[in-house]
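Worksheet: one structure, shown below.
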Amino acid sequence: MALSKVNPNFVGETAIGRRNLAINGDMRIAQRGATTTAIGQSANYFSLDRVKLFNSGGAGATYTVSQETDAPTGFTKSYKIQTTTADTSLPAASYTILRLATTEAQDLLRLGWGTSSAKSLTFSFWVKSNKTGDQTILAVTHANMQQHVKQKFTINSANTWEKKEITFVGNTGTAMEDGSAMGFGIDIFLAAGSNYQGGTTSLGVWGTRAATDKAADTLNIANSTSDYFQITGVQLEVGDTATDFEHRSYGEELAACKRYYQVVSASPTFGVDNIRARMSLSFPVEMRGTPSVSQSAVVVLANPGVGNVTQSGVSFSIAGTSTNRGGTYQLANLSGMTESKIYHFGQSSGAALLQFDAEL
Amino acid sequence: MNITSAQFESDDNGDNVSIQATIEEQVLSVPLDPANRHYAEILKQVADGTITIADAD
């Protein structure tokens with residue numbers, strides 16, 4: 001084929017193969033459920049996978065996070081944060097941050113950061129809000145680097161999907177250390193107190209994360225219960241050009257999410273004594289690190305021969321060996337169990353889930 | 001990260017294997033792995049004097 005017939009978008013290392021470093025960029029995966037309400041002071045992952053929300057510093061604002069079917073052409077889902085309690089006088093130290101495209105350091109070493117040939121990153125996304133105006137957006141390095149570079153985007157029309165493309169220059173100053181620790185993320189300060197609005201750093205210049213102007217421009221969605229911010233089509237790619245969104249299969253995206261968070265809804269267990277049951281699990285996807293474990297609701301363990309046993313309260317813990325590949329775990333707060341009998345978790349437990357968290 | 005309680009959990013040999021912690025109003029069993037974000041934050045808050053970890057029962 002003559003070279004003139006080759007689409008230039010598919011020539012060069014940035015566009016060959018898997019381009020999107022962001023996982024769940026099309027917001028289809030929501031292992032924690034489609035909606036989380038009444039999010040007060042907190043820093044956690046709610047509803048949709050791979051999107052972290054910080055609501056910190058004493059603000060009175062509360063939010064609902066949800067997976068919406070409202071999305072621009074070519075997408076079916078979006079992430080929405082809706083203000084449910086407003087705070088019109090934010091404390092100086094308060095902030096609401098949406099953290100996207102978090103990436104392990106080991107997946108970014110090919111950028112050559114810390115060298116004169118450090119590669120740029122381009123972040124593209126679709127956004128919609130009732131608020132218009134400028135919004136600061138930060139590319140942030142973590143682990144050994146602890147720096148950020150600032151850019152901004154503008155929402156031109158209220159309640160309208162708009163596509164934004166932002167390029168962050170490569171960091172020539174500091175190399176990223178290898179490993180599975182958090183290396184990089186995109187932070188958007190959707191609301192912030194005065195502590196974060198007083199600096200003067202320039203756009204496109206890497207500097208320490210201690211800079212005070214992380215929210216030099218903010219939509220301030222904490223101001224009214226009418227305020228919301230919606231996003232989808234998130235793509236982070238190497239180079240200085242945004243290409244079309246890389247659509248991956250649902251199964252592939254779900255498997256990628258499970259490296260950081262997964263749930264178990266059924267498993268055989270055995271009675272340790274009359275109040276505890278244990279299980280050994282092997283994760284279908286090796287996790288980033290040894291996960292924290294929890295359960296979403298009390299479970300019912302079923303054994304047709306000796307009857308069902310219902311937990312009096314949630315209690316799910318690491319019982320011994322535990323790694324990023326699986327381990328031995330224990331359910332407690334049971335009564336009337338028979339030692340060594342097999343009980344089925346999941347047969348009669350309703351929506352109860354065992355949760356495994358190895359998030360960045 | 002808001003941590004309101006932390007207590008070691010031990011295995012059948014009495015060795016500490018995890019920490020039961022209430023983090024962001026959720027009860028978690030946290031492995032003693034520095035790469036785990038919850039454990040890293042527990043260690044930080046212990047170093048800062050914000051929390052202490054109770055012995056296992």
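The values are calculated or read from the model by the stated rules, or taken from the named source; none is laboratory data. These numbers come from a predicted model, not from an experiment. For neighbour counting, all protein chains shown are included, and Cβ atoms are generated from backbone atoms with ideal geometry for every residue, glycine included. We work out accessible area using only protein heavy atoms, side chains counted, and drop any ligands, DNA or RNA first. Shrake-Rupley method; radii C 1.70, N 1.55, O 1.52, S 1.80 Å.
Checking A:A43 against (1) part of a strand (DSSP E or B); (2) crowded, with 21+ Cβ neighbours inside 10 Å; (3) not aromatic (F, W, Y): exactly one of these is not met. Which one?
For A:A43, the exception is condition (2).
For a quick check of your reading of the model, give me the residue pairs whose first member lies in segment A:143-157 and is without any contact (Cβ under 8 Å) to a residue 24 or more places away in the chain, whose second is open to solvent by 50 Å² or more (accessible area, probe 1.4 Å), with beta-carbon atoms closer than 7 Å and at least 6 apart or on different chains.
A:T154/A:D134
Could you tell me whether A:V285 is away from chain B (no Cβ under 14 Å), within 29 Å of A:A43 (Cα to Cα) and surrounded by fewer than 17 Cβ atoms within 10 Å (Cβ to Cβ)? Step through it out loud before you land on a result.
Details: away from chain B (no Cβ under 14 Å): yes; within 29 Å of A:A43 (Cα to Cα): yes; surrounded by fewer than 17 Cβ atoms within 10 Å (Cβ to Cβ): yes.
Judged against the criteria, A:V285 is a match.
Is segment A:65-87 home to any residue that is open to solvent by 30 Å² or more (accessible area, probe 1.4 Å), part of a loop (DSSP other than H, G, I, E, B) and within 14 Å of another protein chain (Cβ to nearest Cβ)?
No, segment A:65-87 contains no residue that is open to solvent by 30 Å² or more (accessible area, probe 1.4 Å), part of a loop (DSSP other than H, G, I, E, B) and within 14 Å of another protein chain (Cβ to nearest Cβ).
Could you run through segment B:26-39 and say how many residues are more than 8 Å from chain A (Cβ to nearest Cβ) and at pLDDT below 95?
The total comes to 1.
Can you report the number of residues in segment A:333-360 which are of a type outside the set (F, W, Y), open to solvent by less than 20 Å² (accessible area, probe 1.4 Å) and more than 30 Å from the chain's Cα centre (by Cα)?
The qualifying residues number 2.
Having 3 or more residues that are farther than 20 Å from A:R325 by Cβ and out of contact with any helix residue (DSSP H, G or I) (no Cβ under 9 Å at 6 or more places or on another chain) is the bar; report the strands (runs of 3 or more DSSP E) wholly within chain B that clear it.
Numbers: elements: B:3-10, B:16-23, B:26-31.
Once the strands (runs of 3 or more DSSP E) in chain B are filtered for at least 3 residues that are farther than 20 Å from A:R325 by Cβ and out of contact with any helix residue (DSSP H, G or I) (no Cβ under 9 Å at 6 or more places or on another chain), what remains is B:3-10, B:16-23.
Here is a yes/no grid of residues against (1) open to solvent by 10 Å² or more (accessible area, probe 1.4 Å); (2) without any contact (Cβ under 8 Å) to a residue 12 or more places away in the chain; (3) under 19 Å from A:A92 (Cα atoms); (4) assigned to a strand (DSSP E or B):
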{"residue": "A:A30", "(1), (2), (3), (4)": "yes, no, no, no"}
{"residue": "A:A38", "(1), (2), (3), (4)": "yes, no, no, yes"}
{"residue": "A:L53", "(1), (2), (3), (4)": "no, no, yes, yes"}
{"residue": "A:G58", "(1), (2), (3), (4)": "yes, no, yes, no"}
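Restricting to segment B:1-25, name every residue that is at the interface with another protein chain (Cβ under 7 Å from one of its Cβ atoms), among the aliphatic types (A, V, I, L, M) and under 12 Å from the mean Cα position of the chain (by Cα).
B:V17
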